[in-house]
Each structure stands twice: as structure tokens, then as C-alpha cells.
Amino acid sequence: MKYLKEIKDWKECINEVVCGDSLDLMRMIPDNAIDLCLTDPPYGIKIAKDGWVVGKPNKACKAKRKNYGASEWDNFIPSKEYFDEMRRISKNQIIFGGNYFVEHLTNSRCWIVWDKNNPDSLFADCELAWTNCKGSVKKFKFTWNGMIQEDMKHKEKRFHPTQKPLELMRWCLENYAKDCKTVIDPFAGSFTTARACKDMGFDWIAIDQEEKYCEIGAKRLQQQNLF
């Protein structure tokens, strides 16, 4: 793991877990130097305020619930400057939670719909990603409902309250990164985007302000390919 304050050239961040403010990193990067920005910024819905994703468990709740630790990283959405920088440094962008950031983005006909197959759940049925890519709206269906996952044989460990499945990020790379070499994730979280890039042979840049998640990311990226 590297700390951004110790880095002098942005290329030192390639294929490294970096801890720091992504805005400071992006300011180092020239225009259109990155092929794809694939990221999941904070939605500003205070999902991490008490560590429980949907409120504290009670006696009526029999399912095992995980506390991720109270944190303030999701109290607000990133400022407009973050989105301006993402669009300046990268040729293409896929930004999950785009419906939370419409004031900082432009019109797009190529949205991605992730159908989480969550019938009768407290969680959202789908999540939306804004893109500047060419094409029409596309849907990816992959069950991600609490402890229930699409591929229970290769069930992923959950490290982060808003963690995305590896298969979702692989699908994004397969469909929108065919001519790409380098991918950046300015809000790395559990470093799922970086893990998918490593498995699929892309160079990646991934940064997060939370040191504990950077440590988790470093461990995930040391593992053999995850299928």
C-alpha cells in the first residue's frame, strides 16, 4: 500500500493500492490519460453512519447481520470538482449511482441497470450507472441480496457496506473496456474494480481515503485470481 502524500508522479500509482484523496491524485493526471473510469462514489445517503446497512438488528431479525463500523464517508456526495476531474482525465466513464449525481453529469442514453434480483427486499431492486459510452441502456442481472448471491459456490466475502460483486465489474470491463489499457477507480472502497482489472489483465489505479479499506484492498489483490 502507498500513501498519496509520498507520491510525486501519478504513474507510481499504477497497479498499486493508494490511500489518499482522489481529487489530489486526479489533479496530477493529464487530460485523457486514462482509458476508463469505473467507479462507485458515495451516494450521500449516510449508509455507514452507524455501521449497519439497513438499521440496527432487533429480536425480530433472525438473519445474521454484519456491522462494518460507523463512518462518515457517505454523509455527502462528492463535489462537482471530482466529477469534472473524472471526466477530464478519462476517455470514458462508468459511474455507479449516477442518479444521485445528475447535477454534476450530462444527458446520456447509455445507462447501465444492475438488476440485483431482490424481490420483497429492504434493498433496492436495481442500481443505475451513468456512462458516456456509445450505445443504448443495458441490463446486467446478478443476485446480490444480503447473504444470498448469484454464485453461492464461489460466494464473495463482504468487506464493505456498498461492495459491488466482482462479476458486475468484470461484465463492465468485458463490455466497455475492449480497447482499454488503464482503468481508474477514484472511490475504490473494497477495491473490487481493481481486483476485476487484475484478474482480466488491465492496468489499474485505485485509491480510497479510508485506510482500513486500503488494507483490505491490498490483501484482496494479493490473492490468486478470484472466479
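Of the residues making up region 172-227, those that are in contact with a Pro (Cβ under 9 Å, 6 or more places away or on another chain) and not in a loop (DSSP other than H, G, I, E, B) number 5.
What residue, of 117, 145, 107, is touching a Pro at 6+ places or on another chain (Cβ under 9 Å), of a type in the set (S, T, N, Q) and surrounded by fewer than 17 Cβ atoms within 10 Å (Cβ to Cβ)? Explain how you work it out, then say what you get.
Working: 117 fails: touching a Pro at 6+ places or on another chain (Cβ under 9 Å); 107 fails: touching a Pro at 6+ places or on another chain (Cβ under 9 Å).
None of the other options fit; the residue is 145.
For region 151-174, the set of residues classified as more than 18 Å from residue 216 (Cβ to Cβ) and either surrounded by fewer than 17 Cβ atoms within 10 Å (Cβ to Cβ) or polar (S, T, N, Q) (or both) consists of 151, 152, 153, 154, 174, listed by residue number. Only residues that are at pLDDT 95 or above, surrounded by fewer than 13 Cβ atoms within 10 Å (Cβ to Cβ) and of a type outside the set (D, E, K, R): list them for region 124-142, please. 136, 137, listed by residue number.
Going through region 168-179 one residue at a time, which ones are modelled with pLDDT of 95 or more and either of a type outside the set (Lys, Arg) or in contact with a Lys or Arg (Cβ under 7 Å, 6 or more places away or on another chain) (or both)? Explain how you work it out, then say what you get.
Let us first name the residues in region 168-179 that are modelled with pLDDT of 95 or more, namely 168-177.
Across region 168-179, the qualifying residues are 168, 169, 171, 172, 173, 174, 175, 176, 177.
Going by what's in this entry, would residue 121 be described as of a type in the set (Ser, Thr, Tyr), in contact with a strand residue (DSSP E or B) (Cβ under 6 Å, 6 or more places away or on another chain) and either in a helix (DSSP H, G or I) or modelled with pLDDT of 95 or more (or both)? It would help to see each step written out before you state the result.
On the way: of a type in the set (Ser, Thr, Tyr): yes; in contact with a strand residue (DSSP E or B) (Cβ under 6 Å, 6 or more places away or on another chain): yes; either in a helix (DSSP H, G or I) or modelled with pLDDT of 95 or more (or both): no.
Taking the combined requirement at face value, the residue does not satisfy it.
Out of everything in region 63-80 that is at pLDDT 70 or above and of a type in the set (A, V, I, L, M), what residue ends up being nearest to the chain's Cα centre (by Cα)? Out of the qualifying residues, it is 77.
The values are calculated or read from the model by the stated rules, or taken from the named source; none is laboratory data. Values in this document were obtained by computation on a predicted structure and should not be read as measured data. Virtual Cβ from ideal backbone geometry, glycine too; neighbours counted across all protein chains shown.
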